[in-house]
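Engineer: Take this structure, written in structure tokens, and hold onto it; I'll ask about it next.
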2 protein chains.
Amino acid sequence: MRPREFDHDEVLRIAFDQFWRNGVRGTSLSDIARDAGVQRGSLYNAFGSKEALFLQAYERYAEDYLAALQKALGAGSLRKRLTAFFDLTIGNFRAGTPPRGCPTTRGLMELGAAEGEGLDEDARQAFANLISRITALVQDTLAAGAARGEFDGNAAAAALHIITVTRGLAVLERAFGNEPQLRKIAAHTIDLVLGRKGS
Amino acid sequence: MRPREFDHDEVLRIAFDQFWRNGVRGTSLSDIARDAGVQRGSLYNAFGSKEALFLQAYERYAEDYLAALQKALGAGSLRKRLTAFFDLTIGNFRAGTPPRGCPTTRGLMELGAAEGEGLDEDARQAFANLISRITALVQDTLAAGAARGEFDGNAAAAALHIITVTRGLAVLERAFGNEPQLRKIAAHTIDLVLGRKGS
DNA sequence: AAGATATTTGACATCATGTCAAGAACGTGC
DNA sequence: GCACGTTCTTGACATGATGTCAAATATCTT
């Protein structure tokens, strides 16, 4: 067998960076091939298609991001944990110059466009999966907080509410790019969910 | 001067329907030309470019949608008004088979991709503008409710929170397509904002 | 050393946007 | 009434995207 002449993971990293910067449809395989120093045909051979390449690059990102979230949610009072969660979330899609937005939300709205086109459906599931896993993390955090008497509502409903707000923040980031406003909304959300305890 | 052979508004309507169904990047001018019974070149002559055509079609939609919202927010108790607002919002992006999602959110995340590319910036402003106007409507509704003693919080902050949730709902709709869940989140949001008064 | 196997490479088909020049149809002014 | 000018229409063209494929190539295995 002939060995590959490029590093699989490095190409995924480069590809995700491009996808994140310019959107999936706004990134051509020629762009990625040029940046990675690989022939376009080799990308097709190694990954199958543009969307398959995106999916692999995204899954990589999702794992890394989940790990970071888990860490952010893991210490301090419930309020501190939720604050850290929003900080990480907002920081994630405000990173870069200009900010690149939330990869999940952007990918979801961009690829969800065409209806049931095989790979688009796979992508939708990948996005939905990450959102579900993040929701579960937040819910667990709230349940643990409830056990410590820091929260007395419905953990599932509250987690879903918080996740909805983070998705909304991802959208508002694109519309207005106003980071202080995003942070205010986040703080307000925490107050609402925790019933302004300790504020 | 030679008169146009097609109806300007009808083309906008057909174009918006296509854009809404398959996304901006997922719709080709050939598609629109075929559906509208117009030559592709005529579209360029009349509208300038694909994105300019989209912008005009979107502005048309935005005006109609704002009028509908204003009506929904205009009668009943504050809780009823907010409920009607969420109903209209969710109904809007759950309309069609399959549901077409929120045009604003989808357009924003799709076109916001490429950075500062002239027309993309115009589109971003159009989306941001509609969101701002909707926020103002909700804020006015909350302020009026406060004057009637149905609400005692910060109307501006609450309106921003509600809008953020609606943007989040637009994203979750694409991820899960679970309409009952969306309605639960909406109801929960109203409870949080109104402090569970009357629940 | 030779063959099997996977990768690389470039050519090709197809379809997208956008430009342009030439042709066609209508209002206007003489 | 007729020629002119202006706008719309039409088809050809340039460019660049995705995706396929066959031929060439480089390594591992036997």
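Only the coordinates and a few stated rules stand behind these numbers; no lab work does. Just so it is clear, the model here is predicted, and its values are computed rather than measured. Here Cβ is always computed from backbone atoms with ideal geometry, including for glycine, and neighbour counts include all displayed protein chains.
Engineer: Testing residue B:50 on (1) free of Cβ contacts under 8 Å to residues at least 40 places away in the same chain; (2) touching a helix residue (DSSP H, G or I) at 6+ places or on another chain (Cβ under 8 Å); (3) over 19 Å from residue B:125 (Cβ atoms); (4) within 14 Å of another protein chain (Cβ to nearest Cβ), one condition comes back false. Which one is that?
Structural biologist: Unmet condition: (3).
Engineer: Identify the single condition in (1) surrounded by 14 or more Cβ atoms within 10 Å (Cβ to Cβ); (2) under 30 Å from residue B:185 (Cα atoms) that residue B:95 does not satisfy, given that it satisfies every other one.
Structural biologist: Of (1) surrounded by 14 or more Cβ atoms within 10 Å (Cβ to Cβ); (2) under 30 Å from residue B:185 (Cα atoms), only one is false for residue B:95: (1).
Engineer: Something else now. For the range B:1-82, which fully contained helices (runs of 4 or more DSSP H) count at least 1 residues that are more than 12 Å from DNA strand D (Cβ to nearest atom) and surrounded by fewer than 18 Cβ atoms within 10 Å (Cβ to Cβ)? Quick ask: steps written out before the conclusion?
Structural biologist: Details: elements: B:8-22, B:29-36, B:40-47, B:50-72.
In the range B:1-82, B:8-22, B:29-36, B:50-72 are the helices (runs of 4 or more DSSP H) which contain 1 or more residues that are more than 12 Å from DNA strand D (Cβ to nearest atom) and surrounded by fewer than 18 Cβ atoms within 10 Å (Cβ to Cβ).
Engineer: Can you pull out every residue in the range A:154-176 that is at the interface with another protein chain (Cβ under 9 Å from one of its Cβ atoms) and among the small types (Gly, Ala, Ser)?
Structural biologist: Of everything in the range A:154-176, those that are at the interface with another protein chain (Cβ under 9 Å from one of its Cβ atoms) and among the small types (Gly, Ala, Ser) turn out to be A:157, A:158, A:168, A:170, A:175.
Engineer: Taking the range B:169-189, which residues are in contact (Cβ under 8 Å) with a residue 40 or more places away in the chain, closer than 15 Å to residue B:98 by Cα and touching a Phe, Trp or Tyr at 6+ places or on another chain (Cβ under 7 Å)?
Structural biologist: B:170, B:173
Engineer: Please give the number of the condition residue B:58 fails out of (1) free of Cβ contacts under 8 Å to residues at least 12 places away in the same chain; (2) of a type in the set (Ser, Thr, Tyr); (3) touching a Gly at 6+ places or on another chain (Cβ under 7 Å).
Structural biologist: (1)
Engineer: Can I ask one more? Suppose we filter the range A:77-99 for residues that are touching a helix residue (DSSP H, G or I) at 6+ places or on another chain (Cβ under 7 Å) and among the small types (Gly, Ala, Ser); how many remain?
Structural biologist: 1
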